[in-house]
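Here's the structure, in C-alpha cells; my notes come after.
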Amino acid sequence: MGYVDYEVKGMVGVITINRPKALNALSDEVLSDLEAAFDAVDLEAIRCIVLTGAGEKAFVAGADIGSMAVMNAQQGVDFALHGNAVFRKIENFPIPVIAAVNGFALGGGCELSMSCDIRLAADTALFGQPEAGLGITPGFGGTQRLARHIGLGNAKKIIYSCKNIKAPEALALGLVQDVYPQAELMDNAIKLANKIASNAPIAVRACKEAINVGMQVDIDSAVKYEANVFGRTFGVDQKEAMTAFLEKREHAPFVNK
C-alpha cells in the first residue's frame, strides 16, 4: 500500500495516510490504498482502529486538486463515487474507527474524519469544506454528514462560506470529541482505542451497528432494531461478565467472536 501504512499495536490497528509532501491529499490511488488497508485488518485480532495522517501539518488537506483540475463531469462523478464507497466502508467497518486529526482536515479530509466513529483533534487542527471556492461541491459526503454532526444551519454556513474552523470551535460545535496538544494526540488516541478494545468486542460491534442503523430510520424502528441487537449479545461474554459482577470478581478475557 504505497500511500497508506498499517501498524498493529496489540488489539489496536493504526492506519496512516502517508503522503506528507502533498499534505496527504486524496487521489484515486490513495483512496484505493486506504481501502486496501482496511481490507487487511484482521478482525479476529484487532478491536479498534486509529486513522491519522503522516507529518505534523495535515490529517488530509483535501482531495488532489491537480487530479481534479483535468477531470470532466463523468470523471468527477466516478471520483466522488470512489471516495464515497471507501468512506462508507469506514463508516460501516465492523469495529470502531477513531480519527486522530493532526492538522489540516479540509474538503475530503474533513469528510474522511466524519466517516469515522470518533474524532480527536490536535490543537493545531483546522476543519472546513472549501469546495465552493473552487467551483465544486463537497463530493465525499460533506453535504450529508456535516449537517448530521453539527446541525443544518451550521453546516450550511461552513459549506456556503468556505469558512475554516479551528479545533476549539470544532469541539464547541460537536464536530470533534476532544482536543489535545499535537504532541499528545496519538498517545490519547491509542489510549482511547485500548479502552474501547478492553470491552466486550461483540457488544462494541453491536453498539456501533445499532447506532448507525438507528440514525437512518424512525425511532420506533430504531428501538425495535436495538432490542434485536441487544438480544444477540446474550452469550459467552455476557454470561461471564454478569456472573463476575455478581460474584465481585474480575471477568475472564472477552472472546472476539
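The values are calculated or read from the model by the stated rules, or taken from the named source; none is laboratory data. Predicted model, so just to flag it, every value in this text is computed and none were measured. Virtual Cβ from ideal backbone geometry, glycine too; neighbours counted across all protein chains shown. Surface accessibility is based on the protein's heavy atoms, side chains included, excluding ligands, DNA and RNA. Shrake-Rupley method; radii C 1.70, N 1.55, O 1.52, S 1.80 Å.
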Relative contact order of the chain, pairs being alpha-carbon contacts under 8 Å that are 6 or more residues apart, as %: 16 percent
Residues of type aspartates and glutamates that Lys208 reaches as a straight line, Cα spacing below 14 Å, ignoring anything fewer than 8 places off in the same chain: Glu91, Asp117, Glu226
C-alpha long axis of helix 182-197 to longest principal axis of the chain, angle in °: 40 degrees
Highest-MSF residue in the chain out of Asn188, Asn228, Asn199 [GNM, Cα springs under 10 Å]: Asn228
Förster radius 25 Å - calculated FRET efficiency between Lys195 and Ala36 (Cβ-Cβ, nearest 0.05): 0.35
Per-selection metrics, region 67-204 (Cα): Rg and Dmax in Å: 15.6, 48
Sites Ala73 and Lys239 - FRET efficiency at Förster radius 41 Å, r taken between beta-carbons, to 0.05: 0.10
Cα-Cα P(r), region 1-119, percent of pairs per 5 Å interval: 2, 13, 23, 27, 19, 10, 4, 2, 0
nm² value of the averaged projected area, convex hull over the Cα atoms of region 164-257: 9.0 nm²
With all protein chains modelled, accessible area of Lys191 [1.4 Å, Å²]: 140 Å²
Beta bridges per DSSP with both ends in region 1-131, % antiparallel, nearest 5: 25 percent
Reachable lysines from Lys9, criterion Cα separation under 17 angstrom, eight or more residues apart if same chain: Lys191, Lys195
Over the chain: helical MRE at 222 nm, DSSP H runs n ≥ 4 each giving -39500 (n - 2.57), nearest 500: -14500 deg cm²/dmol
Portion, in percent, of the accessible area of region 155-257 that falls on carbon or sulfur, probe 1.4 Å: 62 percent
GNM result for the chain, Cα springs below 10 Å: residue of Asp220, Asp123, Asp42 fluctuating most strongly: Asp220
Fluctuation leader among Asp237, Asp78, Asp218 - the chain, Gaussian network, Cα springs under 10 angstrom: Asp218
Share of alpha-carbon pairs per 5 Å distance bin for region 109-183, given as whole %: 3, 17, 30, 28, 15, 6, 1, 0
All aspartates and glutamates inside 15 Å of Lys21 as judged from Cα atoms, apart from same-chain residues fewer than 8 positions distant: Glu56, Asp64
Residues Ala252 and Gln144, FRET efficiency given R0 of 45 Å [Cβ-Cβ distance, rounded to 0.05]: 0.60
Calculated diffusion of the chain, Stokes-Einstein form, Kirkwood radius summed over Cα pairs, 25 °C and 0.890 mPa s, µm²/s: 128 µm²/s
For region 1-61, radius of gyration divided by Kirkwood radius, i.e. Rg to Rh on alpha-carbons: 0.98
Antiparallel DSSP beta bridges within the chain, percent to nearest 5: 25 percent
